[in-house]
Amino acid sequence: QVHLVESGGGLVQAGGSLRLSCAASGSIDGIDVMGWYRQAPGKQRELVAAISVRGSTNYADFVKRRFTISRDNAKNTVYLQMNSLRPEDTAVYYCNAAVYAVDYWGLGTLVTVSA
């Protein structure tokens, strides 16, 4: 079992920045890809960004050049630096970890961007 705890969400004005963190604990040795997903009200959960244990990254087109994902393997933590936030970025952001093809999820952290 892998336990994921997100932090760093909150309320920010459009154009502002937030940094999300996700700390992993438990059976972490098998963690490969870690990522961030988001789900806005009435919409499906979607990938925001992901990073492999070797540092390869993947971003959704709607966050390229605004968000940056990073990872500290020594701390078992993944980060999402979000800049130039827009009202449409408002959503619950979930941390995800893939362990031997099994997905684990955090409970999510709410990001609200006001116009």
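The values are calculated or read from the model by the stated rules, or taken from the named source; none is laboratory data. Model, not experiment: these values are computed from the prediction. Methodologically, a virtual Cβ is constructed for each residue, glycine included, from the backbone with ideal geometry; neighbour enumeration extends over all protein chains shown. The protein model used for the area step is the full one, side chains on, heavy atoms only, and it has no ligands, DNA or RNA in it. Shrake-Rupley method; radii C 1.70, N 1.55, O 1.52, S 1.80 Å.
Give the residue that is least open to solvent (accessible area, probe 1.4 Å), with candidates limited to residues of segment 98-115 that are in a strand (DSSP E or B) and not aliphatic (A, V, I, L, M). Lay out the reasoning, then the answer.
Residues of segment 98-115 in a strand (DSSP E or B): 98-99, 102-105, 109-114.
From what's left, not aliphatic (A, V, I, L, M): 103-105, 109, 112, 114.
Values: Asp103: 90, Tyr104: 46, Trp105: 98, Thr109: 18, Thr112: 48, Ser114: 41 Å².
For segment 98-115, the residue satisfying everything is Thr109.
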Do we find that Val63 is in contact with a Lys or Arg (Cβ under 7 Å, 6 or more places away or on another chain), farther than 13 Å from Ala98 by Cβ and surrounded by 13 or more Cβ atoms within 10 Å (Cβ to Cβ) in this structure? no
If I ask for residues that are open to solvent by less than 50 Å² (accessible area, probe 1.4 Å), assigned to a strand (DSSP E or B) and not β-branched (Val, Ile, Thr), which ones from segment 26-54 would you list? Met34, Gly35, Trp36, Arg38, Ala49, Ala50
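Say whether the condition of being closer than 21 Å to Tyr100 by Cβ and open to solvent by 50 Å² or more (accessible area, probe 1.4 Å) is met by at least one residue in segment 17-25. Can you show your working first?
Quick first cut of segment 17-25, residues closer than 21 Å to Tyr100 by Cβ only: 22-25.
Now narrow it down to the ones that are open to solvent by 50 Å² or more (accessible area, probe 1.4 Å): 25.
Yes, because at least one residue in segment 17-25 is closer than 21 Å to Tyr100 by Cβ and open to solvent by 50 Å² or more (accessible area, probe 1.4 Å).
Output the number of residues of segment 6-18 satisfying the condition of being over 11 Å from the mean Cα position of the chain (by Cα) and in a strand (DSSP E or B). Break it down stepwise before answering.
As a first pass, look at segment 6-18 and keep what is over 11 Å from the mean Cα position of the chain (by Cα): 10-18.
Checking which are in a strand (DSSP E or B) leaves us with 10-13, 18.
Selection size over segment 6-18: 5.
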